[in-house]
Amino acid sequence: MDSDFVASSDTAIPLIPVSRESLPVRLESAPESWRKWVEASDFEAEPGATLRIPDAEGGLAAVLAGFDAETPIWMLSAAAETLGTGDYRLETDFLNADVQNLAAIGWGLGRYRYDTYREAQARAPRLVWPEDADQGRVQAFVDSIGLTRDLINTPAADMMPANLVLKARELAEEFGSSLHVVSDSDKLEKDFPCIQAVGAASEHGARVIEMTWGAPDAPSLVLVGKGVCFDSGGLNLKPGNSMRQMKKDMGGAAIVLGLARLIMAHNLPVRLTVLIGAVENAIGAGAFRPGDVLTARNGKRIEVDNTDAEGRLVLADLLDRAASFHPDVLVDFATLTGAARVAVGTEISACFTQDEGWARALVEPAREWDDPVCQLPLHAPYRYLLDSDVADIVNSSTGGYAGAITAALFLQEFVPDDTTWMHFDIMAFNVRARPGRPKGGEAMGLRALFAAFESRYGQVG
C-alpha cells in the first residue's frame, strides 16, 4: 500500500490552510492573480472547502484549504479526499508543532479507504511531512484509527470470533504483548458463563481474548470491549432495518484494540490489559431465552428480559474479570443502547463514570481532538427499573425510559465500589461522511481518551 506521506518532493504543490478570519491576511501578501482568482471563485474559506489556484502555464500554483480554527485536526482532511495525484506541501508559517501533528493526522484520516472488496484506488495524493511533525506519533494515530475502522467495516462473515482473535494476535505479536484466548466451551461455561450463553446458538464459538503488555509494576489500565460480531437480537429478533449494520456491534472491541495499539506505540508507562468477549448472538437450538436466569461470573443471577440486551451480559463477565487486576482505571467500550443515540445522537460518545476527576479530564482532550464526549448520570434511583421478581437483577428494563442509564447501572453491578470505572456507550459508526470521517466504522472516544491517559500517565523516556 502506498504511503500517504513522503519525506520530500521537488514538485510538491503548496497547500495553504486558511480560515475565514485568516484568508484576507494571507491574500495581502499573495500575487494579485491569486486574489482575483479567489474573488472570481467566491471562495470564502468555508471549513472543508478547497480552491486550486492555477499558475501562468495552466498548472497548479497552490491549493487553499478552508478550515475551522477551532478544529485544526480536519484542516487538510477534505484536501486529502479530493485532490488529485501529486505531492503537496503544507505551508507551516503560522502553525506550531502541535497543529502540524493534528493536520498531518487529519490528512491520514482523510486518506482512509476501506477497499478490501473492491478495486483499489489509483495512486493517491501524498503530503510531504511537515517540518515539525512527529512522524511516529502521526503514523501511530493514523494506523490505530485505521485498524479500528477496518475491523468494524469488515462484513460479519469475515469478522467472527475466530477472526477477531487473529487480529488481536497480530497486534500482540507486533508489540510483544502476551495473548491468552479462552475458546473451550466447558471453560467458558465455568469462567465466563454469560458470554457462553450469549454465543451458544452460533456455529462460531465464543472467545474471550485477554492481552497484556507493559511493566507489571506500572499503573494497571484495563480496557474492556464488547465484541458481538453480529447481533441478530437472538430470539427477540431485530427487524431487518435494525439488523442491517449489526456487523458494527463489535465496535467496542475494535476501539479497545485500536486504543491499545496507540498506547503501545507511544510506550505509555502502564500495565495494559485488554479484555474482549467475542460472540455471535444468533438463533438456534442453543439460544438463550427470555425468562431464562443466567448466573454471571461474579455469582449474580440475571433474569433475561430481552435477548437483544446481550451486550451487557457479555460485559458483566468481563468487568468482573477486569476487577481482579485491581486497575488504576477500568474502561469499557460498547455499542450498547439505542437510548444513548437518542440522548446524544450518533456523533457523540456517551460516557458514564462515578469519578468526576476522570470526567473532567476528558473535557479538554475531547475539544482539542474534536472527539466529543458527553457525561450522562449514573442515577442510582433508577436501579429499581432493573428489579427482578425471580433473580438478583433483570438484564433490561421494560419501562421504556432512561435506557442508557439503566444499562450503565446494570454494568455497575459487576464493578466493585472501589474501582475507578468509565463506561462508553458509542455508535462506532459514521452515518454521514465528513472530512476525515467517511461513512462506516469509527473510533469514537479513542482520541479523547488516549489524550487523557497521556496527560495522566506521561511517556517513557
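Each value in this text was obtained by applying a stated rule to the coordinates, not by laboratory testing. This is a predicted model, so every value here is computed, not measured. Backbone-built Cβ (ideal geometry, glycine too); neighbour counts: all protein chains shown.
Normalised by the number of residues in the chain, what is the relative contact order in percent for Cα pairs under 8 Å and 6+ residues apart?
About 15 percent, as a whole number.
If amide hydrogens are placed 1.01 Å from N in the peptide plane, which non-local residues have theirs closer than 5 Å to the one on A350?
Those lying under 5 Å, H to H, from A350 are C374, D425.
Output the antiparallel fraction of DSSP beta bridges having both residues in segment 139-457, as a percent to the nearest 5.
DSSP beta bridges in segment 139-457 are roughly 45 percent antiparallel.
Report, in whole Å, the centroid distance computed from the Cα atoms of segment 301-353 and segment 256-288.
If we compute the Cα centre of each part, the gap is 13 Å.
Of all DSSP beta bridges in segment 203-289, what percent run antiparallel (nearest 5)?
Once the DSSP bridges in segment 203-289 are tallied, antiparallel ones form about 40 percent.
Over what distance in Å are the Cα centres of segment 200-241 and segment 35-110 separated?
40 Å
Report the charge-dipole magnitude of segment 5-132 in Debye, nearest 20, computed about the Cα centre from +1 at each Lys and Arg Cβ and -1 at each Asp and Glu Cβ.
About 460 debye.
Taking a cut-off of 18 Å between Cα atoms, list the lysines near K190, but don't count ones fewer than 8 places away on the same chain.
Hits, sequence-local ones excluded: K300.
How long is the gain from F94 to A30 if the chain were fully straight, where each residue apart is worth 0.36 nm and the alpha carbon distance is subtracted?
Roughly 21.5 nm would be gained on extension.
Amide H neighbours of E280 under 5 Å, at least 5 residues apart or on other chains, H built in the peptide plane: list them.
C229
Could you give me the ³J(HN,Hα) list for segment 424-432, computed from phi with Karplus coefficients 6.51, -1.76, 1.60 and θ = phi - 60°, whole Hz, x at Gly and Pro?
Whole-Hz 3J(HN,Hα) from phi for segment 424-432: 9, 9, 10, 7, 6, 7, 8, 8, 9.
What's the FRET efficiency of D55 with T85 using the Cβ-Cβ distance as r and R₀ = 25 Å, to the nearest 0.05?
Efficiency for this residue pair is about 0.90.
Explain nothing, just the number: relative contact order of segment 5-132, from Cα pairs under 8 Å at least 6 residues apart, as a whole percent.
31 percent
State whether segment 57-125 is rounded, prolate or oblate according to the following rule on the C-alpha gyration tensor (a ≥ b ≥ c being the square roots of its eigenvalues): a/c under 1.5 gives rounded; otherwise a/b larger than b/c gives prolate, and the remaining case gives oblate.
It comes out oblate by the Cα gyration axes.
Could I have the simple spin-label model distance between D387 and R360, label points 7 Å from Cα toward Cβ, reported in nm to one decimal?
Rounded to a tenth, the inter-label distance reads 3.7 nm.
Take every DSSP beta bridge whose two residues both sit in segment 295-451, then give the antiparallel share in percent to the nearest 5.
Details: 8 of 18 bridges.
Once the DSSP bridges in segment 295-451 are tallied, antiparallel ones form about 45 percent.
Run down the lysines and flag those whose C-alpha is under 27 Å from the C-alpha of K439, throwing out any fewer than 8 positions away in its chain.
Counting by Cα, and skipping residues close in sequence, K439 has these lysines nearby: K167, K226, K238, K247, K248.
Between R113 and D328, what's the calculated FRET efficiency when r is the beta-carbon distance and R0 is 56 Å? Round to 0.05.
Values: r = 37 Å, r/R0 = 0.67.
Efficiency computed from Cβ-Cβ geometry: 0.90.
Label-point separation (nm) for D68 and A7, each offset 7 Å from Cα along Cα-to-Cβ?
3.8 nm
Tabulate in residue order the Karplus-calculated ³J(HN,Hα) for segment 302-307, using 6.51 cos²θ - 1.76 cosθ + 1.60 with θ = phi - 60°, rounded to whole Hz; enter x for Gly and Pro.
These are the phi-based 3J(HN,Hα) values: 10, 7, 7, 8, 8, 6 Hz.
Which of the aspartates and glutamates could a cross-linker bridge to K187, judged by Cα under 19 Å and excluding same-chain residues fewer than eight apart?
The reachable aspartates and glutamates, counting only those whose Cα sits under 19 Å from K187, are E203, E210, E280, D317, D320.
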